[in-house]
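Student: Have a look at the structure that comes next, please.
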Amino acid sequence: MAKTWTTPPSDALRASSDLVLADVDTRSTPGFAGDKAYAAQTLESGREALSELQEKLFAGSRTGGDRGNVLLVLQAMDTAGKGGIVRHVVGAVDPQGVHHHAFKAPTEDELAHDFLWRIRRELPGPGMLGVFDRSHYEDVLIGKVRELAPLDEIERRYAQIVEFEDELVANGTTVIKVMLHISFEEQKKRLAERLERPDKFWKYSPGDVDERNLWTDYQGAYETAIQRTSTDRAPWFVVPADRKWYARVAVQRLLIDALRGRDLSWPPAHFDVELEKTRLAAS
């Protein structure tokens, strides 16, 4: 098979400190050397590699080895494909090693605490692959656009987020932050499709149009949040998402490379293998 990536997505998609979202072509496929059909083959071939790496991470944590974990943060406007990433990418691994949480509007109890309180409660344990469908970033996105907090509080939250993520990395978490970047036109197309298909009605909310009417404000909020919180320890990756097939192979590769970066290996047996073979044969 020909070379799949001309540039690793960790390089091609990494957000710079002077990111301008309007300059990112949402139909582009940065670093990927192939079309939709080739992407399907790539996604399928990557499933085995991702599954094995995740199992090594999980197994190591259960036998006293690597106690770290991986946290995938997915942020996007509605219809950008977060659910598809969870199904088609994360769905390839053993579910017992995955902790997935979709953050909704905070409850009264959650609002009574610091905005990071509910996030800390859902952090993945040792050896786990954590997936946040939306996250602590909602508090500097919706919080800013909907004016749910004063601007000076939003500013403080950027610094708190950086400090929080530094703490996670220092404690052994690999943080992968992905913004699935969809265009205004593509979102309209996907929302219209949901209204034409009874099997998609459950995914549609009238509030989606209300949020869509604030598109420019949200783009600005995303741009600022990414600029302020993309660090060497926990960088942001802006993934063009008008082509679902590209977004999926890109996130899969980001996960594979992050897990490979942990230099994982199968844990050794904590028993005499040959003795156990003998005992088993005699049983």
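The values are calculated or read from the model by the stated rules, or taken from the named source; none is laboratory data. Remember, it's a predicted structure, so these values are computed and weren't measured experimentally. In this analysis, Cβ positions are derived from the backbone assuming ideal geometry, glycine residues included, and neighbour counts consider all displayed protein chains. Each accessible area value is taken on the protein alone, full model and side chains, heavy atoms only, with ligands, DNA and RNA left out. Shrake-Rupley method; radii C 1.70, N 1.55, O 1.52, S 1.80 Å.
Student: So for region 81-88 (the condition being under 30 Å from Glu223 (Cα atoms), loosely packed, with under 13 Cβ neighbours inside 10 Å and at pLDDT 95 or above), does at least one residue qualify?
Tutor: Yes: one or more hits.
Student: A follow-up question, please. Which of the helices (runs of 4 or more DSSP H) contained wholly in region 143-236 include at least 3 residues that are among the basic types (Lys, Arg)?
Tutor: Result: 184-196.
Student: Right, here's the next one. Tell me, yes or no, whether region 128-140 has at least one residue that is more than 26 Å from Arg253 (Cβ to Cβ), over 17 Å from the mean Cα position of the chain (by Cα) and either among the polar types (S, T, N, Q) or open to solvent by 60 Å² or more (accessible area, probe 1.4 Å) (or both).
Tutor: no
Student: Take the residues of region 52-80 that are within 18 Å of the chain's Cα centre (by Cα) and more than 23 Å from Ala234 (Cα to Cα): which is most open to solvent (accessible area, probe 1.4 Å)?
Tutor: Of everything passing the filter in region 52-80, Asp78 is most open to solvent (accessible area, probe 1.4 Å).
Student: Here's another thing I want to ask about it. Just to be sure I understand the filter: pairs with C-beta atoms under 9 Å, separated by 6 or more residues or on different chains, first member in region 243-256 and touching a residue at least 24 places away in the same chain (Cβ under 8 Å), second member aromatic (Phe, Trp, Tyr) and open to solvent by less than 10 Å² (accessible area, probe 1.4 Å). Which pairs pass?
Tutor: none
Student: Go over the candidates Leu255, Leu275, Leu280 one by one and state the one that is surrounded by 15 or more Cβ atoms within 10 Å (Cβ to Cβ) and not in a loop (DSSP other than H, G, I, E, B).
Tutor: Exactly one of Leu255, Leu275, Leu280 is surrounded by 15 or more Cβ atoms within 10 Å (Cβ to Cβ) and not in a loop (DSSP other than H, G, I, E, B), namely Leu255.
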